[in-house]
Amino acid sequence: MELRVTESTEDELSIEIAGEDHTFMNVLKGALLEHDDVSAATYDVNPEQSGGQTEPILTIKTEGADPLQALEESAVDVREKATSFRDAFEAAA
C-alpha cells in the first residue's frame, strides 16, 4: 500500500491511498467517524476522465486533534476488529 499526503494542516489531512478500493476505504472511513475528535471523514475516487485521478483520496477533518493521529488510531481499530472477526470465524468453523 502506497500513501501520499496531498494536503496537511493542523486540523485537516488529505492522503492518497494507492491500490485500494471502496471496500477498504469505507471501512477506514467508518472507523474514523467513530472517533469523537473527527468532525468529517470522506474519500473520493474519480475516474480517469475527470482529471486523471484514479486512486482514492481520504480527507479527514478534526476538531482539536491531530488528523494523522486520528488516522493512526483508526487503522489500529480496523486491525483489531478484523482480528476479532477472524478469531470468531475460526472458532465457529
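The values are calculated or read from the model by the stated rules, or taken from the named source; none is laboratory data. As the structure is a prediction and not an experimental result, all values here were calculated from the model. Ideal geometry is used to build each Cβ from the backbone, glycine not excepted, and the neighbour counts take in all protein chains shown.
Close Cβ contacts (under 7 Å, 6 or more residues apart or on different chains) running from residues in segment 24-38 that are closer than 15 Å to Phe85 by Cβ to residues that are of a type in the set (Val, Ile, Thr) and surrounded by 14 or more Cβ atoms within 10 Å (Cβ to Cβ) comprise Val27/Val78; Ala31/Val78.
As a summary of the residue check, Ala65 satisfies the conditions (1) in contact (Cβ under 8 Å) with a residue 12 or more places away in the chain; (2) within 12 Å of the chain's Cα centre (by Cα); (3) outside any strand (DSSP E or B) except for the one numbered (2).
Table: residues versus (1) outside any loop (DSSP other than H, G, I, E, B); (2) touching a Gly at 6+ places or on another chain (Cβ under 7 Å); (3) buried (at least 16 other Cβ atoms within 10 Å of the Cβ); (4) at pLDDT below 95.
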{"residue": "Leu3", "(1), (2), (3), (4)": "yes, no, no, yes"}
{"residue": "Gly30", "(1), (2), (3), (4)": "yes, no, no, no"}
{"residue": "Thr59", "(1), (2), (3), (4)": "yes, no, yes, no"}
{"residue": "Asp87", "(1), (2), (3), (4)": "yes, no, no, no"}
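One residue stands out among those in segment 32-42 that are surrounded by 15 or more Cβ atoms within 10 Å (Cβ to Cβ) and either part of a loop (DSSP other than H, G, I, E, B) or β-branched (Val, Ile, Thr) (or both): the one that is modelled with the highest pLDDT, which is Val38. Does segment 43-54 contain any residue that is under 18 Å from Glu2 (Cα atoms), at pLDDT below 90 and among the hydrophobic types (A, V, I, L, M, F, W, C)? Looking through segment 43-54, at least one residue is under 18 Å from Glu2 (Cα atoms), at pLDDT below 90 and among the hydrophobic types (A, V, I, L, M, F, W, C).
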